[in-house]
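K.L.:
So that we are looking at the same thing, I have put the structure below in structure tokens.
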Amino acid sequence: MRRRSALAAVTTLAGTAIAGVVSRPGGNDRLLTAAQEGSDDITTETTQLLPDTVHETTLYELTASDPGPTVMVFGGIHGDERNGIEAAHDATEWAPDAGQLVVVPETDRVAVENDERGGIDGDLNRHFPAGEEPTSDLARGIWDAVERYDPDVVLDLHRSLGIYGFHREYVGQTLFHSADAHGRAIADALTADAVPWYLPFHRFTPAESTAGGPLLFQKAAAELDATAYLFETTAFLLDHATMTEQSRLVTAHVLAAHGVLEYDTGIGVAGTGEPDQESETEPDGGTSA
Ligand SMILES: [Zn+2]
């Protein structure tokens, strides 16, 4: 009994410390500033996906005058994962230096409005089987847009409740990625930017994902040959501001690594690193991604 109380007290203290320390964006302000203050010469267009339906949601297309790759960023595939929704909304105000940044902040609009994981047809991130038609109206509408842009890179923003490898069934603090991605380099950069020494279990883990699953980023990798990432932060001991900051940072790192942002992070086209390889695990099973 006494031990349990002590543990609870320590957990509360740790949570307090984290809210105070990690949410201060000491993370990587220069990178985020570079993302916000990129090229002056961009054009922004918005279009409605699935117009005149209950799923109607806004897609933001930011195009730099210099040519470059197309990166698509998704938030709100799970409607209760507010960190990704907020970070994606922020990215609609960013300024790419080259190529195109395409953002859908509230992908499952019904789920977002209900603040629930799934929408009308359940968990959207199980509706994208590779080599087959998407299995719901919403998934078909989203996939139509993905095919139209044929992105070079896809990033899907999530959060879990626990930590991968520490809490069974949870996949937090993981960057799932396709084989050709900069998974390890970006995971290490996120750890350096945003994980303090006293939270060693929150260090980010890269995990190569097989392309055969029913998740949007897997379908994009399998069918469009996109370099694909699925980011998971965790609600375990992290507050909303911290989770959102980590989501902004991974977005900026992906843009820099793939040349949409001209900022030298030492990763990808911004640096000399070769695409790194992982061969660890299957992505998100049950409850999270
Ligand atoms: Zn999720």
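The values are calculated or read from the model by the stated rules, or taken from the named source; none is laboratory data. Computed from a predicted model, the values in this text were never measured in an experiment. Here the Cβ is made from the backbone with ideal geometry for all residues, glycine too, and neighbour counts use every protein chain on show.
K.L.:
State whether the residues of the range 195-214 include one that is in a helix (DSSP H, G or I) and modelled with pLDDT of 95 or more.
P.N.:
Among the residues of the range 195-214, not one is in a helix (DSSP H, G or I) and modelled with pLDDT of 95 or more, which makes the answer no.
K.L.:
Also, quick follow-up: Output the residue which, of all residues in the range 165-191 that are of a type outside the set (A, V, I, L, M, F, W, C) and buried (at least 24 other Cβ atoms within 10 Å of the Cβ), is farthest from the ligand (Cβ to nearest atom).
P.N.:
H182
K.L.:
Determine if the range 131-144 includes at least one residue that is of a type outside the set (A, V, I, L, M, F, W, C), buried (at least 21 other Cβ atoms within 10 Å of the Cβ) and in contact (Cβ under 8 Å) with a residue 60 or more places away in the chain.
P.N.:
no
K.L.:
State yes or no: is V104 over 16 Å from the mean Cα position of the chain (by Cα), closer than 17 Å to Q48 by Cβ and free of Cβ contacts under 8 Å to residues at least 60 places away in the same chain?
P.N.:
Answer is no for this residue.
K.L.:
Could you say whether any residue in the range 46-56 is over 20 Å from the mean Cα position of the chain (by Cα), in a loop (DSSP other than H, G, I, E, B), modelled with pLDDT of 95 or more and surrounded by 20 or more Cβ atoms within 10 Å (Cβ to Cβ)?
P.N.:
Yes; the residues of the range 46-56 include at least one that is over 20 Å from the mean Cα position of the chain (by Cα), in a loop (DSSP other than H, G, I, E, B), modelled with pLDDT of 95 or more and surrounded by 20 or more Cβ atoms within 10 Å (Cβ to Cβ).
K.L.:
Same structure, new question: Among residues belonging to the range 95-130 that are over 26 Å from P69 (Cα atoms) and among the β-branched types (V, I, T), point out the one that is surrounded by the most Cβ atoms within 10 Å (Cβ to Cβ).
P.N.:
V112
K.L.:
So, in the range 67-88, of the ones that are of a type in the set (G, A, S) and within 11 Å of the ligand (Cβ to nearest atom), which residue ends up farthest from the chain's Cα centre (by Cα)?
P.N.:
Among residues in the range 67-88 that are of a type in the set (G, A, S) and within 11 Å of the ligand (Cβ to nearest atom), the one farthest from the chain's Cα centre (by Cα) is G79.
K.L.:
Also, quick follow-up: Of the conditions (1) in contact (Cβ under 8 Å) with a residue 24 or more places away in the chain; (2) within 15 Å of the ligand (Cβ to nearest atom), G122 clears all except one; give me its number.
P.N.:
(1)
K.L.:
Could I ask something else about it? Hey, can you tell me all the residues within the range 145-172 that are in a helix (DSSP H, G or I) and touching a residue at least 60 places away in the same chain (Cβ under 8 Å)?
P.N.:
Those that are in a helix (DSSP H, G or I) and touching a residue at least 60 places away in the same chain (Cβ under 8 Å): A145, V146, E147, Y149.
K.L.:
While we're on this one: Can you find a residue in the range 234-249 that is modelled with pLDDT of 90 or more, touching a helix residue (DSSP H, G or I) at 6+ places or on another chain (Cβ under 7 Å), surrounded by fewer than 22 Cβ atoms within 10 Å (Cβ to Cβ) and among the acidic types (D, E)?
P.N.:
Yes, the conditions are met somewhere in the range 234-249.
K.L.:
Still on this structure, I have one more. Looking at the range 143-164 only, could you name the residues that are under 25 Å from D264 (Cβ atoms), within 15 Å of the ligand (Cβ to nearest atom) and among the β-branched types (V, I, T)?
P.N.:
Answer for the range 143-164, where residues must be under 25 Å from D264 (Cβ atoms), within 15 Å of the ligand (Cβ to nearest atom) and among the β-branched types (V, I, T): just V154.
K.L.:
Select from the range 62-96 the residues that are assigned to a strand (DSSP E or B) and in contact (Cβ under 8 Å) with a residue 40 or more places away in the chain and write down the one among them that is nearest to E106 (Cα to Cα).
P.N.:
If we take residues in the range 62-96 being assigned to a strand (DSSP E or B) and in contact (Cβ under 8 Å) with a residue 40 or more places away in the chain, then F74 is nearest to E106 (Cα to Cα).
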